[in-house]
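One structure is given here, and the rest of the page talks about it.
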Amino acid sequence: MFTFVAATLFFGAFLMAMGTIAWMFLLYHNKMIAALQFEPIPHIPVYQIRIRRPRAVDAGRAAAVRVPNGAVTA
């Protein structure tokens, strides 16, 4: 008797799982087809960003290199 009850419960759970899979397939069939046919939009870069990081200059050389523009013209 236990075997009969266990087999009945197992078979009922199996049928319920198969019914759920079939129901989900019928419910979402159109969305699955649309997802399979989707072609992503090609990505074209709009901005070109250039990052510049000037190197550190030695303190002794920095004073000799920098000359204000007003001092040269005066």
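Of the set (1) under 27 Å from the mean Cα position of the chain (by Cα); (2) modelled with pLDDT under 70; (3) among the β-branched types (Val, Ile, Thr), all apply to residue 41 but (2). Checked against (1) among the hydrophobic types (A, V, I, L, M, F, W, C); (2) more than 46 Å from the chain's Cα centre (by Cα); (3) modelled with pLDDT under 90; (4) open to solvent by 90 Å² or more (accessible area, probe 1.4 Å), residue 71 meets all criteria but (4).
The values are calculated or read from the model by the stated rules, or taken from the named source; none is laboratory data. All of these numbers come straight from a predicted model, not from anything done at the bench. Areas reflect the complete protein model, heavy atoms only, side chains present, ligands, DNA and RNA absent. Shrake-Rupley method; radii C 1.70, N 1.55, O 1.52, S 1.80 Å.
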